[in-house]
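Each remark here refers to the structure printed beneath this line.
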Amino acid sequence: MDYLNFITEWLASYSSILIGIGGLSILILMFSIIGLGWFISQIPEDYFIHEKRQAKNWDQYSPETRVMMIIVKNVIGIVMLISGLFASDSPWARHTYNDHWHIAN
């Protein structure tokens, strides 16, 4: 029951912040839905019809530059993926969460 009282007190003390975050989340959701509709409307009608599409400005770069751009793009993607996995399930994240809520393992 001590945990229930702690959670209830915490929610009561931060209620205005939680309401603001909730409102902001709803606002971001609405803008995302509207933005997605606008983005889809910008796609050309024949975008999915071509058998082989080519990037419009891809030819302006030398072959070496294209290879480097692809390598850099993929390295950034791999770093972001590993960072996300680390942040979502690392001992540091669990340690901080457990210390904040005073939960024993």
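The values are calculated or read from the model by the stated rules, or taken from the named source; none is laboratory data. Just so we're clear, the structure is a prediction, and the values are computed from it rather than from any experiment. Note that each Cβ is placed from the backbone with ideal geometry, even for glycine, and that neighbours are counted across all protein chains shown.
Data for the structure
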read-out: Residue ID - surrounded by the fewest Cβ atoms within 10 Å (Cβ to Cβ), chosen from residues in the stretch 52-105 that are of a type in the set (D, E, K, R) and at pLDDT 60 or above; value: Lys52
read-out: Conditions (1) loosely packed, with under 10 Cβ neighbours inside 10 Å; (2) at pLDDT below 90; number of the one not met by Ile40; value: (2)
